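Student: First the structure, which I've put down as C-alpha coordinates, then a few questions once you've had a look.
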Amino acid sequence: MTDLAPDAGFRKNHKLKSALLQHKALSKDGFSERLFGLLFSGLVYPQIWEDPDVDMAAMELGPGHRVVTIGSGGCNMLAYLSCEPAHIDVVDLNPHHIALNRLKLAAFRHLPDHGAVVRHLGADRVRTNSRSFDRYIAPNLDSATRDYWNKRGLTGRRRIAAFNRNFYRTGLLGRFIGAGHLIARLHGVKLQDITKARSLREQRQFFEDRIAPLFERPVIRWMTSRKSSLFGLGIPPQQYDELASLSEGGTIAPVLRGRLEKLACHFPIRDNYFAWQAFARRYPQPHEGTLPTYLRPEHYAAIRKHTDSVAVHHASVTELLATKPSASVDRYVLLDAQDWMTDGQLNDLWTEITRTASASARVIFRTAAEKSVLDGRLSPALLDQWTYLPERSEELNRLDRSAIYGGFHIYEKRA
(Lines give C-alpha, C1' and ligand atoms only; values in the text may rest on other atoms or scores of the structure.)
Protein backbone atom coordinates (compact mmCIF):
# COMPACT_ATOMS: atom_id res chain seq x y z
CA MET A 1 0.00 0.00 0.00
CA THR A 2 2.80 2.40 0.84
CA ASP A 3 4.32 1.82 -2.60
CA LEU A 4 1.10 3.11 -4.20
CA ALA A 5 0.76 6.23 -2.07
CA PRO A 6 3.20 8.49 -3.99
CA ASP A 7 1.50 7.60 -7.30
CA ALA A 8 -1.95 8.32 -5.87
CA GLY A 9 -0.71 11.63 -4.52
CA PHE A 10 0.76 12.51 -7.92
CA ARG A 11 -2.56 11.75 -9.68
CA LYS A 12 -4.44 13.87 -7.15
CA ASN A 13 -2.04 16.81 -7.56
CA HIS A 14 -2.12 16.44 -11.35
CA LYS A 15 -5.92 16.57 -11.38
CA LEU A 16 -5.89 19.59 -9.10
CA LYS A 17 -3.36 21.38 -11.30
CA SER A 18 -5.39 20.57 -14.43
CA ALA A 19 -8.55 21.87 -12.80
CA LEU A 20 -6.81 25.09 -11.77
CA LEU A 21 -5.41 25.60 -15.28
CA GLN A 22 -8.84 24.99 -16.79
CA HIS A 23 -10.41 27.45 -14.35
CA LYS A 24 -7.76 30.03 -15.22
CA ALA A 25 -8.46 29.60 -18.94
CA LEU A 26 -12.21 29.90 -18.40
CA SER A 27 -11.71 32.99 -16.25
CA LYS A 28 -9.52 34.55 -18.94
CA ASP A 29 -12.09 33.80 -21.62
CA GLY A 30 -14.83 35.14 -19.38
CA PHE A 31 -12.92 38.38 -18.85
CA SER A 32 -12.43 38.75 -22.61
CA GLU A 33 -16.15 38.24 -23.18
CA ARG A 34 -17.05 40.83 -20.54
CA LEU A 35 -14.53 43.35 -21.89
CA PHE A 36 -15.85 42.90 -25.41
CA GLY A 37 -19.42 43.31 -24.17
CA LEU A 38 -18.47 46.55 -22.43
CA LEU A 39 -16.76 47.98 -25.51
CA PHE A 40 -19.59 46.86 -27.78
CA SER A 41 -22.18 48.67 -25.65
CA GLY A 42 -21.22 52.02 -27.22
CA LEU A 43 -21.19 53.15 -30.84
CA VAL A 44 -19.20 50.53 -32.74
CA TYR A 45 -19.61 51.12 -36.47
CA PRO A 46 -19.93 54.67 -37.82
CA GLN A 47 -19.76 52.95 -41.22
CA ILE A 48 -20.91 49.43 -41.97
CA TRP A 49 -18.03 47.27 -43.21
CA GLU A 50 -19.77 45.06 -45.79
CA ASP A 51 -19.88 45.86 -49.51
CA PRO A 52 -23.48 46.75 -50.45
CA ASP A 53 -22.86 46.25 -54.18
CA VAL A 54 -21.97 42.63 -53.44
CA ASP A 55 -25.05 42.31 -51.23
CA MET A 56 -27.42 43.61 -53.88
CA ALA A 57 -25.93 41.36 -56.55
CA ALA A 58 -26.19 38.33 -54.26
CA MET A 59 -29.79 39.07 -53.32
CA GLU A 60 -30.73 39.99 -56.91
CA LEU A 61 -32.56 42.78 -55.11
CA GLY A 62 -35.36 44.52 -56.93
CA PRO A 63 -38.72 46.29 -56.68
CA GLY A 64 -41.27 44.51 -54.53
CA HIS A 65 -38.83 42.64 -52.34
CA ARG A 66 -39.34 42.62 -48.58
CA VAL A 67 -36.01 42.71 -46.75
CA VAL A 68 -34.87 42.09 -43.17
CA THR A 69 -31.35 43.30 -42.42
CA ILE A 70 -29.13 43.99 -39.45
CA GLY A 71 -28.55 47.73 -39.23
CA SER A 72 -24.99 48.36 -37.99
CA GLY A 73 -23.87 51.74 -39.44
CA GLY A 74 -26.86 52.02 -41.78
CA CYS A 75 -24.99 52.60 -45.06
CA ASN A 76 -26.07 49.34 -46.65
CA MET A 77 -29.74 49.73 -45.81
CA LEU A 78 -29.70 53.07 -47.65
CA ALA A 79 -27.88 51.53 -50.60
CA TYR A 80 -30.56 48.83 -50.83
CA LEU A 81 -33.18 51.57 -51.28
CA SER A 82 -31.61 52.39 -54.65
CA CYS A 83 -33.16 49.09 -55.87
CA GLU A 84 -36.62 50.27 -54.71
CA PRO A 85 -37.64 47.30 -52.53
CA ALA A 86 -41.16 47.27 -51.12
CA HIS A 87 -40.06 47.31 -47.48
CA ILE A 88 -36.95 47.02 -45.32
CA ASP A 89 -36.97 46.05 -41.65
CA VAL A 90 -33.73 47.13 -39.96
CA VAL A 91 -32.87 45.48 -36.65
CA ASP A 92 -30.06 46.06 -34.19
CA LEU A 93 -29.50 45.40 -30.51
CA ASN A 94 -27.18 48.38 -30.11
CA PRO A 95 -29.16 51.57 -29.32
CA HIS A 96 -26.36 53.74 -30.73
CA HIS A 97 -26.75 52.05 -34.11
CA ILE A 98 -30.52 52.50 -33.91
CA ALA A 99 -30.05 56.26 -33.41
CA LEU A 100 -27.55 56.41 -36.28
CA ASN A 101 -29.85 54.57 -38.70
CA ARG A 102 -32.74 56.88 -37.86
CA LEU A 103 -30.53 59.95 -38.27
CA LYS A 104 -29.33 58.86 -41.72
CA LEU A 105 -32.88 58.17 -42.89
CA ALA A 106 -34.02 61.56 -41.63
CA ALA A 107 -31.08 63.26 -43.38
CA PHE A 108 -32.24 61.87 -46.73
CA ARG A 109 -35.86 62.78 -46.03
CA HIS A 110 -35.37 66.32 -44.78
CA LEU A 111 -32.07 67.88 -45.86
CA PRO A 112 -32.73 70.13 -48.85
CA ASP A 113 -30.65 68.43 -51.55
CA HIS A 114 -28.02 65.84 -52.40
CA GLY A 115 -25.14 68.20 -51.65
CA ALA A 116 -26.42 68.74 -48.13
CA VAL A 117 -26.66 64.98 -47.56
CA VAL A 118 -23.07 64.46 -48.73
CA ARG A 119 -21.83 67.30 -46.55
CA HIS A 120 -23.58 65.85 -43.53
CA LEU A 121 -22.86 62.13 -44.00
CA GLY A 122 -19.83 61.96 -46.29
CA ALA A 123 -17.55 64.93 -45.68
CA ASP A 124 -15.28 65.95 -42.84
CA ARG A 125 -14.63 69.36 -41.26
CA VAL A 126 -18.03 70.82 -42.23
CA ARG A 127 -18.64 73.10 -39.27
CA THR A 128 -22.25 73.84 -40.22
CA ASN A 129 -23.55 70.26 -40.03
CA SER A 130 -24.86 70.62 -36.49
CA ARG A 131 -26.79 73.72 -37.55
CA SER A 132 -28.26 71.81 -40.49
CA PHE A 133 -29.27 69.13 -38.02
CA ASP A 134 -31.04 71.69 -35.83
CA ARG A 135 -32.85 73.27 -38.76
CA TYR A 136 -33.83 70.34 -40.96
CA ILE A 137 -33.41 67.04 -39.14
CA ALA A 138 -34.07 67.46 -35.41
CA PRO A 139 -37.68 68.72 -35.75
CA ASN A 140 -38.53 65.57 -37.72
CA LEU A 141 -36.96 63.00 -35.39
CA ASP A 142 -38.71 61.01 -32.70
CA SER A 143 -37.95 62.39 -29.25
CA ALA A 144 -35.64 59.54 -28.21
CA THR A 145 -33.43 59.90 -31.28
CA ARG A 146 -33.40 63.69 -31.04
CA ASP A 147 -32.42 63.49 -27.37
CA TYR A 148 -29.66 61.01 -28.22
CA TRP A 149 -27.97 63.37 -30.70
CA ASN A 150 -28.48 66.42 -28.49
CA LYS A 151 -26.94 64.76 -25.45
CA ARG A 152 -23.70 66.37 -24.28
CA GLY A 153 -20.57 64.45 -23.38
CA LEU A 154 -17.81 65.17 -20.89
CA THR A 155 -16.42 67.89 -23.17
CA GLY A 156 -19.76 69.70 -23.22
CA ARG A 157 -20.25 69.04 -26.93
CA ARG A 158 -23.41 67.52 -28.28
CA ARG A 159 -23.11 64.13 -29.98
CA ILE A 160 -24.25 65.63 -33.27
CA ALA A 161 -21.14 67.86 -33.23
CA ALA A 162 -19.11 64.81 -34.32
CA PHE A 163 -20.49 65.45 -37.82
CA ASN A 164 -18.84 68.89 -37.76
CA ARG A 165 -15.44 67.17 -37.61
CA ASN A 166 -15.08 63.63 -38.96
CA PHE A 167 -17.78 61.30 -37.73
CA TYR A 168 -15.98 58.26 -39.13
CA ARG A 169 -13.15 58.71 -36.67
CA THR A 170 -15.59 58.05 -33.82
CA GLY A 171 -16.99 54.80 -32.51
CA LEU A 172 -15.05 51.69 -31.63
CA LEU A 173 -14.08 51.05 -35.25
CA GLY A 174 -12.96 54.64 -35.85
CA ARG A 175 -10.73 54.58 -32.78
CA PHE A 176 -9.33 51.18 -33.76
CA ILE A 177 -8.33 52.48 -37.19
CA GLY A 178 -6.79 55.54 -35.52
CA ALA A 179 -4.73 53.30 -33.24
CA GLY A 180 -3.52 51.36 -36.27
CA HIS A 181 -2.36 54.60 -37.89
CA LEU A 182 -0.53 55.61 -34.72
CA ILE A 183 1.31 52.29 -34.51
CA ALA A 184 2.26 52.52 -38.19
CA ARG A 185 3.56 56.10 -37.71
CA LEU A 186 5.69 54.94 -34.79
CA HIS A 187 7.30 52.53 -37.25
CA GLY A 188 7.80 55.26 -39.86
CA VAL A 189 4.85 54.42 -42.12
CA LYS A 190 2.18 56.91 -43.23
CA LEU A 191 -0.67 54.67 -44.29
CA GLN A 192 -2.51 57.49 -46.07
CA ASP A 193 0.27 57.67 -48.65
CA ILE A 194 -1.19 54.63 -50.43
CA THR A 195 -4.01 56.87 -51.68
CA LYS A 196 -1.45 58.61 -53.91
CA ALA A 197 -0.93 55.40 -55.88
CA ARG A 198 -1.90 55.72 -59.55
CA SER A 199 -2.24 52.03 -60.38
CA LEU A 200 -2.75 48.60 -58.84
CA ARG A 201 0.95 48.01 -59.37
CA GLU A 202 1.86 51.03 -57.25
CA GLN A 203 -0.66 49.97 -54.60
CA ARG A 204 0.96 46.52 -54.51
CA GLN A 205 4.43 48.00 -54.22
CA PHE A 206 3.39 50.26 -51.34
CA PHE A 207 1.86 47.30 -49.52
CA GLU A 208 4.89 45.05 -49.99
CA ASP A 209 7.43 47.75 -49.12
CA ARG A 210 5.68 49.61 -46.31
CA ILE A 211 2.74 47.71 -44.84
CA ALA A 212 3.65 44.00 -45.02
CA PRO A 213 6.91 44.39 -43.02
CA LEU A 214 4.90 45.78 -40.08
CA PHE A 215 3.50 42.30 -39.45
CA GLU A 216 7.02 41.04 -38.73
CA ARG A 217 7.62 43.57 -35.96
CA PRO A 218 7.67 41.87 -32.54
CA VAL A 219 5.33 44.38 -30.90
CA ILE A 220 2.69 43.91 -33.60
CA ARG A 221 2.99 40.13 -33.49
CA TRP A 222 2.57 40.30 -29.72
CA MET A 223 -0.44 42.61 -29.95
CA THR A 224 -2.21 40.53 -32.58
CA SER A 225 -1.71 37.39 -30.49
CA ARG A 226 -4.17 38.81 -27.96
CA LYS A 227 -7.90 38.43 -28.53
CA SER A 228 -8.57 41.95 -27.28
CA SER A 229 -6.49 43.36 -30.17
CA LEU A 230 -9.41 42.89 -32.57
CA PHE A 231 -12.22 44.11 -30.34
CA GLY A 232 -12.03 47.42 -32.19
CA LEU A 233 -13.11 45.64 -35.37
CA GLY A 234 -16.14 44.27 -33.54
CA ILE A 235 -14.56 40.80 -33.50
CA PRO A 236 -15.44 38.90 -30.29
CA PRO A 237 -13.20 36.19 -28.77
CA GLN A 238 -14.97 33.29 -30.50
CA GLN A 239 -14.60 34.99 -33.90
CA TYR A 240 -10.91 35.57 -33.16
CA ASP A 241 -10.52 31.81 -32.63
CA GLU A 242 -12.14 31.18 -36.04
CA LEU A 243 -9.66 33.52 -37.68
CA ALA A 244 -6.67 32.07 -35.85
CA SER A 245 -7.65 28.58 -37.01
CA LEU A 246 -6.89 29.64 -40.60
CA SER A 247 -3.13 30.02 -39.98
CA GLU A 248 -0.65 27.21 -39.40
CA GLY A 249 0.69 28.69 -36.19
CA GLY A 250 -2.74 29.50 -34.83
CA THR A 251 -1.88 33.22 -34.75
CA ILE A 252 -3.86 36.05 -36.25
CA ALA A 253 -1.02 38.07 -37.86
CA PRO A 254 -0.84 36.11 -41.17
CA VAL A 255 -4.62 36.26 -41.54
CA LEU A 256 -4.72 40.01 -40.93
CA ARG A 257 -1.89 40.49 -43.41
CA GLY A 258 -3.84 38.58 -46.06
CA ARG A 259 -7.05 40.54 -45.48
CA LEU A 260 -5.19 43.87 -45.54
CA GLU A 261 -3.43 42.82 -48.73
CA LYS A 262 -6.81 42.31 -50.43
CA LEU A 263 -8.00 45.72 -49.21
CA ALA A 264 -4.83 47.45 -50.39
CA CYS A 265 -4.04 45.61 -53.61
CA HIS A 266 -7.04 43.91 -55.24
CA PHE A 267 -9.13 46.94 -56.22
CA PRO A 268 -8.21 50.34 -57.69
CA ILE A 269 -7.95 52.81 -54.82
CA ARG A 270 -10.26 55.23 -56.65
CA ASP A 271 -13.09 52.70 -56.55
CA ASN A 272 -12.70 51.43 -52.99
CA TYR A 273 -14.07 53.75 -50.34
CA PHE A 274 -13.37 51.06 -47.72
CA ALA A 275 -9.66 51.46 -48.46
CA TRP A 276 -10.02 55.24 -48.12
CA GLN A 277 -11.57 54.85 -44.69
CA ALA A 278 -8.89 52.38 -43.60
CA PHE A 279 -5.86 54.23 -44.98
CA ALA A 280 -6.95 57.90 -45.11
CA ARG A 281 -9.65 57.86 -42.40
CA ARG A 282 -12.10 59.67 -44.68
CA TYR A 283 -14.00 59.33 -47.94
CA PRO A 284 -12.34 60.55 -51.15
CA GLN A 285 -12.95 63.98 -52.63
CA PRO A 286 -14.67 64.01 -56.07
CA HIS A 287 -11.33 64.29 -57.90
CA GLU A 288 -9.85 61.45 -55.82
CA GLY A 289 -12.39 58.66 -56.11
CA THR A 290 -15.97 57.47 -55.71
CA LEU A 291 -18.22 57.82 -52.68
CA PRO A 292 -20.18 54.95 -51.08
CA THR A 293 -23.14 53.73 -53.12
CA TYR A 294 -25.71 55.46 -50.96
CA LEU A 295 -24.04 58.86 -51.38
CA ARG A 296 -23.67 58.81 -55.17
CA PRO A 297 -25.81 61.39 -56.99
CA GLU A 298 -27.38 58.85 -59.35
CA HIS A 299 -29.03 57.06 -56.41
CA TYR A 300 -30.16 60.08 -54.42
CA ALA A 301 -33.68 60.43 -55.83
CA ALA A 302 -34.56 56.73 -55.44
CA ILE A 303 -33.23 56.55 -51.89
CA ARG A 304 -35.01 59.71 -50.79
CA LYS A 305 -38.27 58.54 -52.36
CA HIS A 306 -38.23 55.22 -50.52
CA THR A 307 -37.02 56.14 -47.04
CA ASP A 308 -40.59 55.79 -45.74
CA SER A 309 -40.48 52.10 -46.64
CA VAL A 310 -37.92 51.47 -43.87
CA ALA A 311 -38.78 50.51 -40.29
CA VAL A 312 -36.02 50.48 -37.65
CA HIS A 313 -36.40 48.07 -34.72
CA HIS A 314 -34.42 47.75 -31.48
CA ALA A 315 -34.55 43.93 -31.56
CA SER A 316 -32.73 40.83 -32.76
CA VAL A 317 -33.50 39.25 -36.12
CA THR A 318 -35.08 36.25 -34.38
CA GLU A 319 -37.30 38.47 -32.22
CA LEU A 320 -38.51 40.49 -35.19
CA LEU A 321 -39.19 37.45 -37.37
CA ALA A 322 -41.25 35.85 -34.60
CA THR A 323 -43.77 38.70 -35.07
CA LYS A 324 -44.08 38.23 -38.83
CA PRO A 325 -46.52 36.04 -40.80
CA SER A 326 -45.35 32.96 -42.69
CA ALA A 327 -43.85 33.50 -46.17
CA SER A 328 -43.64 37.28 -45.64
CA VAL A 329 -39.92 37.98 -46.25
CA ASP A 330 -37.94 37.74 -49.48
CA ARG A 331 -34.39 38.68 -48.50
CA TYR A 332 -32.37 38.36 -45.28
CA VAL A 333 -29.04 40.08 -44.55
CA LEU A 334 -27.32 38.65 -41.46
CA LEU A 335 -23.89 40.31 -41.77
CA ASP A 336 -21.49 38.21 -39.64
CA ALA A 337 -23.81 37.88 -36.63
CA GLN A 338 -23.99 34.09 -36.81
CA ASP A 339 -20.29 33.81 -35.97
CA TRP A 340 -21.27 34.86 -32.46
CA MET A 341 -24.16 32.45 -31.98
CA THR A 342 -24.49 29.19 -30.09
CA ASP A 343 -26.00 26.20 -31.88
CA GLY A 344 -29.28 26.83 -30.09
CA GLN A 345 -29.42 30.47 -31.17
CA LEU A 346 -28.50 29.49 -34.72
CA ASN A 347 -31.32 26.95 -34.95
CA ASP A 348 -33.83 29.35 -33.37
CA LEU A 349 -32.90 31.97 -35.96
CA TRP A 350 -33.21 29.62 -38.93
CA THR A 351 -36.48 28.20 -37.63
CA GLU A 352 -37.94 31.70 -37.94
CA ILE A 353 -36.16 32.39 -41.24
CA THR A 354 -37.53 29.19 -42.76
CA ARG A 355 -41.05 29.89 -41.47
CA THR A 356 -41.16 33.48 -42.75
CA ALA A 357 -39.31 32.87 -46.05
CA SER A 358 -41.19 33.35 -49.30
CA ALA A 359 -40.89 30.77 -52.07
CA SER A 360 -37.91 32.51 -53.70
CA ALA A 361 -36.24 33.84 -50.53
CA ARG A 362 -32.49 34.33 -50.23
CA VAL A 363 -30.27 34.65 -47.16
CA ILE A 364 -26.82 36.23 -47.33
CA PHE A 365 -24.17 36.43 -44.63
CA ARG A 366 -20.45 36.70 -44.04
CA THR A 367 -18.06 34.69 -41.87
CA ALA A 368 -14.67 35.46 -40.38
CA ALA A 369 -13.40 32.05 -41.51
CA GLU A 370 -13.99 30.71 -45.01
CA LYS A 371 -16.57 27.98 -44.45
CA SER A 372 -20.25 28.48 -43.74
CA VAL A 373 -21.20 28.42 -40.06
CA LEU A 374 -24.25 26.29 -40.88
CA ASP A 375 -22.23 23.18 -41.73
CA GLY A 376 -22.57 20.60 -38.96
CA ARG A 377 -24.46 23.00 -36.71
CA LEU A 378 -27.85 23.64 -38.26
CA SER A 379 -30.52 20.98 -37.92
CA PRO A 380 -30.77 18.85 -41.12
CA ALA A 381 -34.53 19.40 -41.06
CA LEU A 382 -33.89 23.13 -41.53
CA LEU A 383 -30.82 22.96 -43.75
CA ASP A 384 -32.55 20.60 -46.19
CA GLN A 385 -35.03 23.35 -47.01
CA TRP A 386 -32.28 25.58 -48.40
CA THR A 387 -29.86 25.36 -51.32
CA TYR A 388 -26.33 26.71 -50.95
CA LEU A 389 -24.91 28.57 -53.96
CA PRO A 390 -21.15 27.95 -53.59
CA GLU A 391 -19.92 29.21 -56.97
CA ARG A 392 -21.84 32.47 -56.82
CA SER A 393 -20.85 32.91 -53.16
CA GLU A 394 -17.16 32.50 -53.97
CA GLU A 395 -17.38 34.77 -57.01
CA LEU A 396 -18.93 37.59 -55.01
CA ASN A 397 -16.59 37.05 -52.08
CA ARG A 398 -13.70 37.86 -54.41
CA LEU A 399 -15.45 41.10 -55.40
CA ASP A 400 -16.10 42.26 -51.83
CA ARG A 401 -14.10 45.48 -51.48
CA SER A 402 -14.40 45.53 -47.68
CA ALA A 403 -11.95 42.60 -47.75
CA ILE A 404 -12.01 41.69 -44.05
CA TYR A 405 -14.14 38.54 -44.19
CA GLY A 406 -13.06 35.04 -45.11
CA GLY A 407 -16.38 33.86 -46.53
CA PHE A 408 -19.51 35.21 -48.20
CA HIS A 409 -22.49 32.87 -48.40
CA ILE A 410 -25.79 32.74 -50.28
CA TYR A 411 -28.65 30.37 -49.45
CA GLU A 412 -31.80 30.10 -51.53
CA LYS A 413 -35.14 28.62 -50.43
CA ARG A 414 -35.92 25.33 -52.10
CA ALA A 415 -39.16 25.15 -54.04
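Student: Once each part is reduced to its C-alpha centroid, what is the distance from the range 260-302 to the range 41-113 in angstrom?
Tutor: When both Cα centres are located, 17 Å separates them.
Student: Here's another thing I want to ask about it. For Ser309, what is the net charge nearby, where nearby means another residue's Cβ is under 15 Å from its Cβ and Lys, Arg count +1, Asp, Glu -1?
Tutor: Numbers: positive: Arg66, Arg102, Lys104, Arg109, Arg304, Lys305, Arg331; negative: Glu84, Asp89, Asp308, Asp330.
Once all neighbours under 15 Å are counted, the net charge is +3.
Student: Any idea how far apart Glu395 and Arg221 come out in nm if each label point goes 7 Å out from Cα toward Cβ?
Tutor: That separation, rounded to one decimal, is 4.1 nm.
Student: Now for a separate question. Among Ala302, Pro292, Thr323, flag the residue with its Cα farthest along the positive direction of the charge dipole of the range 289-340, charges on Cβ as +1 for Lys/Arg and -1 for Asp/Glu.
Tutor: Sorting the options by dipole projection puts first Ala302.
Student: When all protein chains stay in place, what accessible area (Å², nearest 10, 1.4 Å probe) is found for His287?
Tutor: So the heavy atoms of His287 present about 140 Å² to solvent.
Student: Once the piece of chain linking Lys196 and Glu412 is laid out straight, how much longer is it, given 0.36 nm per residue of separation minus the C-alpha distance between them? Present the calculation step by step, with values, prior to reporting the outcome.
Tutor: Working: separation 216, 0.36 × 216 = 77.76 nm, distance 4.17 nm.
Extending this stretch completely gives an extra 73.6 nm.
Student: So, one more: Distance in nm between label sites at Ala301 and Arg204, each 7 Å beyond Cα in the beta-carbon direction?
Tutor: Once both label points are built, they end up 4.2 nm from each other.
Student: State the extension gain, in nm to one decimal, for the chain segment bounded by Lys371 and Gln285, taking 0.36 nm per residue of separation less the distance between their alpha-carbons.
Tutor: Working: separation 86, 0.36 × 86 = 30.96 nm, distance 3.71 nm.
Full extension of this stretch gives 27.3 nm more.
Student: Taking a probe of 1.4 Å, how large is the accessible area per residue of the range 278-381, in Å²? Provide the component values of the computation, followed by the final result.
Tutor: Details: 4210 Å² over 104 residues.
Heavy-atom accessible area per residue stands at 40 Å².
Student: For the range 146-197, with the dipole built from +1 on Lys and Arg beta-carbon atoms and -1 on Asp and Glu ones, taken about the Cα centre, which of Leu173, Leu186, Tyr148 lies farthest toward the positive end?
Tutor: Tyr148
Student: List the trypsin sites (Lys or Arg not before Pro) in the range 157-194 that DSSP assigns to loop (not H, G, I, E or B) and whose Cβ has at most 15 other Cβ atoms within 10 Å. Which are they? Before the final figure, lay out the partial values.
Tutor: Numbers: sites: Arg157, Arg158, Arg159, Arg165, Arg169, Arg175, Arg185, Lys190; in loops: Arg157, Arg165, Lys190.
Here the trypsin sites (Lys or Arg not before Pro) that fit, given the DSSP loop and packing criteria, are Arg157, Arg165, Lys190.
Student: So how strong a dipole does the range 316-370 carry about its Cα centre when Lys and Arg Cβ are +1 and Asp and Glu Cβ are -1, to the nearest 20 debye? Intermediate values should be presented prior to the final figure.
Tutor: Values: 5 positive and 8 negative charges, 61 e Å.
So the magnitude is around 300 debye.
Student: Note down the net charge around Asn397, summing +1 for each Lys or Arg and -1 for each Asp or Glu among other residues with Cβ under 9 Å from its Cβ. Show your work: numbers first, answer last.
Tutor: On the way: positive: Arg366, Arg398; negative: Glu370, Glu394, Glu395, Asp400.
Spelling it out: positives minus negatives among the neighbours equals -2.
Student: Using the Cβ atoms and a cut-off under 12 Å, what net charge is assigned to the surroundings of Ile177, where Lys and Arg are +1 and Asp and Glu are -1?
Tutor: Values: positive: Arg169, Arg175, Arg281, Arg282; negative: none.
Result for the local shell: +4.
Student: Moving to a separate point now. Could you work out how far the C-alpha centroid of the range 140-175 sits from that of the range 186-226, in angstrom?
Tutor: Centre-to-centre (Cα) distance: 32 Å.
Student: Ignoring ligands, DNA and RNA, what percent of the 1.4 Å accessible area of the range 89-215 is carbon and sulfur?
Tutor: On the way: 3130 of 6240 Å².
With neighbouring chains kept in place, the figure for the range 89-215 is 50 percent.
Student: Which value in nm describes the separation of the simple spin-label points at Leu186 and Ala327, placed 7 Å from the Cα toward the beta carbon?
Tutor: Distance between the two pseudo-spin positions: 6.0 nm.
Student: List the pair-distance distribution P(r) of the range 131-196, using every Cα-Cα distance, as the percent of pairs falling in each 5 Å bin from 0 up to the bin containing the longest distance, rounded to whole percents.
Tutor: Over the range 131-196, the share of Cα pairs per 5 Å bin runs 4, 14, 17, 19, 15, 9, 9, 8, 4, 1 percent.
The values are calculated or read from the model by the stated rules, or taken from the named source; none is laboratory data. Please read all numbers here as calculations on a predicted model, not as lab measurements. Note: ideal-geometry Cβ built from the backbone for every residue, glycine included; neighbour counts use all protein chains shown. The accessibility values were calculated without ligands, DNA or RNA, using every heavy atom of the protein model including side chains. Shrake-Rupley method; radii C 1.70, N 1.55, O 1.52, S 1.80 Å.
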